[in-house]
Amino acid sequence: NYPDIATPLRTQAIMNQYGINTKKSLGQNFLTDLNILKNIVSAGDVSKNDNVIEIGPGIGALTEQLARAAKEVVAFEIDDRLIAVLDDTLAPYNNIKVINQDILKVDLMAAVQENFSDPSAPLKIVANLPYYITTPILMQILESEVHVDAIVVMMQKEVADRLAAKPGTKEYGSLSLTVQYRVQARVAFNVDRTAFIPNPNVDSAIVVLEPREPLAILPDNEQRLFSLFKVGFVMRRKTLWNNLITAFGKNGGMQDKLMDALEAAQINPKIRAEKLTLEQFVTLQNTLTDAGV
Ligand code: SAM
């Protein structure tokens, strides 16, 4: 029963005590709303069976709530000024390990093996992300071989909406497709900027990413599929056909090949990519290969 870190008063007191002025360049906005922290932990359904990796513990506000709910927490913090602070604020907990490292340089698979006492326990990744590297961090996790049972992350609301977007909406694009290819994504709740010290100048949201149903059809080449997601949305307002021609060119019978691929995939060349489902993109990738594109 230790006092919570996450109150505006205690956060300010800790920052004063250690002379910490937050660095905008590291995306340092500390959460000071206990309810929001508890809702983040609930959104991940974190229990005493779970290992948790946290990215960017800051002064430990979320880390502490995670430690109370989880089996063990391993937290990666890049800012060495905060390591001494965390040593102090998290002293009451014996199931937390703080590592002074840039998360983008961490081999997640090795980190799990080395740092948790039971590496085979369910793994959750929970974080109030540094917003300047939201997408690289997500890609690193999604591309890792490590099995993650849930990813619960705070990010800029605009990015959250893009991750969870459905076909036919203005938020839907290559980021939605790249993420939804690997996991199912939903926005759990929005967070007001007043919940942080200092207030960020964007609105935020919590996104939950969980394992998805296997795809009905698999691509013959993932890298080409990911490029195709980008090709489709190079110019959002243009037709799929226009964007394909721009990417692949018109010469050497390319128009015929593209037409064949679209016909085989039963996709109307005049639609916009924002109408295409993930499965349609996968089908198109495969028919493009078959047509020799
Ligand atoms: N978890 C704390 C909270 O909720 O109050 C702090 C969140 S703050 C938005 C982001 C944290 O990520 C900061 O502590 C920052 O120093 C850290 N950070 C920034 N870049 C990082 C990186 N590349 N690797 C690890 N941590 C990073």
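The values are calculated or read from the model by the stated rules, or taken from the named source; none is laboratory data. Small disclaimer: the values here were computed from a predicted structure and weren't measured. We place every Cβ from the backbone using ideal geometry, glycine too, and count neighbours over all the protein chains shown.
The table that follows gives values for the structure above.
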quantity: Options Val187, Val208: the member that is of a type in the set (A, V, I, L, M), within 27 Å of Asn29 (Cβ to Cβ) and surrounded by fewer than 19 Cβ atoms within 10 Å (Cβ to Cβ); calculated: Val187
quantity: Lone unmet requirement of (1) within 12 Å of the ligand (Cβ to nearest atom); (2) crowded, with 16+ Cβ neighbours inside 10 Å; (3) more than 25 Å from Gly19 (Cα to Cα); (4) within 18 Å of the chain's Cα centre (by Cα) for Phe76; calculated: (3)
quantity: The listed residue being hydroxyl-bearing (Ser, Thr, Tyr) and within 23 Å of Arg224 (Cα to Cα), out of Ser144, Ser204; calculated: Ser144
quantity: Residues of the range 103-121 satisfying the condition of being within 18 Å of the chain's Cα centre (by Cα), over 17 Å from Val153 (Cα atoms) and within 13 Å of the ligand (Cβ to nearest atom); calculated: Lys105, Val106
quantity: Filter result (crowded, with 16+ Cβ neighbours inside 10 Å and not in a helix (DSSP H, G or I)) within the range 168-178; calculated: Glu171, Tyr172, Gly173
quantity: Residue ID - farthest from the ligand (Cβ to nearest atom), chosen from residues in the range 189-210 that are part of a strand (DSSP E or B) and farther than 17 Å from Asn35 by Cα; calculated: Glu210
quantity: Residues located in the range 10-31, provided they are over 22 Å from Leu209 (Cα atoms) and assigned to a loop (DSSP other than H, G, I, E, B); calculated: Gly19, Ile20, Asn21, Thr22, Lys23, Gln28, Asn29
quantity: Filter result for Val159 (modelled with pLDDT of 95 or more and not in a loop (DSSP other than H, G, I, E, B)); calculated: yes
quantity: So Leu218, is it on the phi < 0 side of the Ramachandran plot and surrounded by 16 or more Cβ atoms within 10 Å (Cβ to Cβ); calculated: no
quantity: Any hit, the range 11-32, residues being touching an Asp or Glu at 6+ places or on another chain (Cβ under 7 Å), under 20 Å from Ile96 (Cβ atoms) and either among the charged types (D, E, K, R) or surrounded by 13 or more Cβ atoms within 10 Å (Cβ to Cβ) (or both); calculated: no
quantity: Single unsatisfied condition, Met259 versus (1) over 30 Å from Lys23 (Cα atoms); (2) in contact (Cβ under 8 Å) with a residue 12 or more places away in the chain; calculated: (2)
quantity: Residues of the range 272-293 satisfying the condition of being surrounded by fewer than 17 Cβ atoms within 10 Å (Cβ to Cβ) and either under 27 Å from Arg212 (Cα atoms) or of a type in the set (Gly, Ala, Ser) (or both); calculated: Lys275, Thr277, Glu279, Thr289, Gly292
quantity: Selection from the range 122-148 of residues that are farther than 19 Å from Gln65 by Cα and more than 12 Å from the ligand (Cβ to nearest atom); calculated: Thr135, Leu138, Met139, Ile141, Leu142, Glu143, Ser144, Glu145, Val146, His147, Val148
quantity: Considering residues of the range 160-208 that are among the polar types (S, T, N, Q) and free of Cβ contacts under 8 Å to residues at least 24 places away in the same chain only, the residue farthest from Met15 (Cα to Cα); calculated: Ser176
quantity: When residues of the range 157-167 are limited to those that are of a type outside the set (Lys, Arg) and over 11 Å from the mean Cα position of the chain (by Cα), the one surrounded by the fewest Cβ atoms within 10 Å (Cβ to Cβ); calculated: Glu158
quantity: Single match in Ile5, Ile99, Ile83 (criterion: touching a residue at least 40 places away in the same chain (Cβ under 8 Å) and either within 14 Å of the ligand (Cβ to nearest atom) or not hydrophobic (A, V, I, L, M, F, W, C) (or both)); calculated: Ile5
quantity: Members of the range 11-50 that are more than 11 Å from the ligand (Cβ to nearest atom), more than 29 Å from Lys71 (Cβ to Cβ) and free of Cβ contacts under 8 Å to residues at least 24 places away in the same chain; calculated: Ala13, Asn16, Gln17, Gly19, Asn21
